[in-house]
Amino acid sequence: MSESSPDSEPNWHEELTDEEYEILRERGTEARFSGEHVDRDDDGIYRCKGCGEVLFDSGTKYDSGCGWPSFYAAENDAVETREDPRHGMTRTEVVCANCEGHLGHVFDDGPEPTGKRFCINSVALDFEDEE
């Protein structure tokens, strides 16, 4: 993807597929266990599908059983969190700090050392093999 910013909203439709747009820009979610990265265990990095920013390292990925790729930590300053009161509950939304694309949610039921479970949509991520 090319460099984008929240101010370039008209370009998002050109740069993203309909599904990517729905998740990254309209705060949607993919179906559980449907994403290409759920079971991925290759070494590498995960980038934001919207802007290419490095978000997660494969060393922090684990199988939480929730149906979405899960990580116990994000790269420093790569993501921001916001309160999300939608759907009759309050959750903590995770967005890309660079382009503000919706990635998923974070919960306090993950493993050590952080105790966090970043539950992220595969559609919001690009994977880059470590080589």
What value, in deg cm²/dmol to 500, does the helix sum -39500 (n - 2.57) over DSSP H runs of n ≥ 4 give at 222 nm once divided by the residues of the chain? -2500 deg cm²/dmol
Just to check I understand the Karplus step: with θ = phi - 60° and J = 6.51 cos²θ - 1.76 cosθ + 1.60, what whole-Hz values come out for the stretch 79-92, glycine and proline as x? 10, 10, 10, 9, 6, 10, x, 5, 6, x, 8, 10, 10, 10
Spelling it out for Glu75: with amide H atoms placed in the peptide plane at 1.01 Å from N, the residues 5 or more places away or on another chain with amide H under 5 Å from its amide H are Phe56, Asp57
Which of [x] 1.06; [y] 0.98; [z] 1.18 is the computed Cα Rg over 2.2 N^0.38 Å? It is [y]
Note, the stretch 93-99: 3J(HN,Hα) by Karplus (6.51, -1.76, 1.60, θ = phi - 60°), whole Hz, Gly/Pro = x, goes 6, 10, 10, 5, 5, 7, 10
Alpha-carbon centroid distance for the pair the stretch 108-125 / the stretch 72-106, whole angstrom: 10 Å
Take the chain, connect every pair of alpha-carbon atoms lying under 10 Å apart with a spring to form a Gaussian network, then pick out the residue of Ser70, Ser58, Ser34 with the largest mean-square fluctuation. Ser34
Phi angles of the stretch 107-116, converted by Karplus (6.51 cos²θ - 1.76 cosθ + 1.60, θ = phi - 60°) into ³J(HN,Hα) in whole Hz with x for Gly and Pro, give 10, 9, 10, x, x, 5, x, 9, x, 9
Are there trypsin sites (Lys or Arg not before Pro) in the stretch 62-131 that DSSP puts in a loop and that have at most 13 other Cβ atoms within 10 Å, and which ones? none
Taking the Cα-to-Cβ direction at Asp77 and at Asp63 and moving 7 Å from each Cα, how far apart do the two end points lie in nm? 3.6 nm
Taking 0.36 nm per residue of sequence separation and subtracting the Cα-Cα distance, how much length would be gained by fully extending the chain between Glu112 and Ala31, in nm to one decimal? 26.5 nm
Listed by chain and number, the residues whose amide H is under 5 Å from that of Leu125, excluding neighbours fewer than 5 places away on the same chain and using placed H, are Lys49
Quick one: if you stick a label point 7 Å off each Cα along the C-beta vector at Asp42 and Glu130, how many nm between them? 1.4 nm
Among all cysteines in the chain, which have no other cysteine Cβ under 4.7 Å from their own Cβ? Cys66, Cys119
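Values quoted throughout were computed directly from the atomic coordinates according to the rules given, and no laboratory measurement underlies them. Source: prediction; values computed, not measured. So basically every Cβ, Gly included, is an ideal-geometry build from the backbone, and we count neighbours across all protein chains shown.
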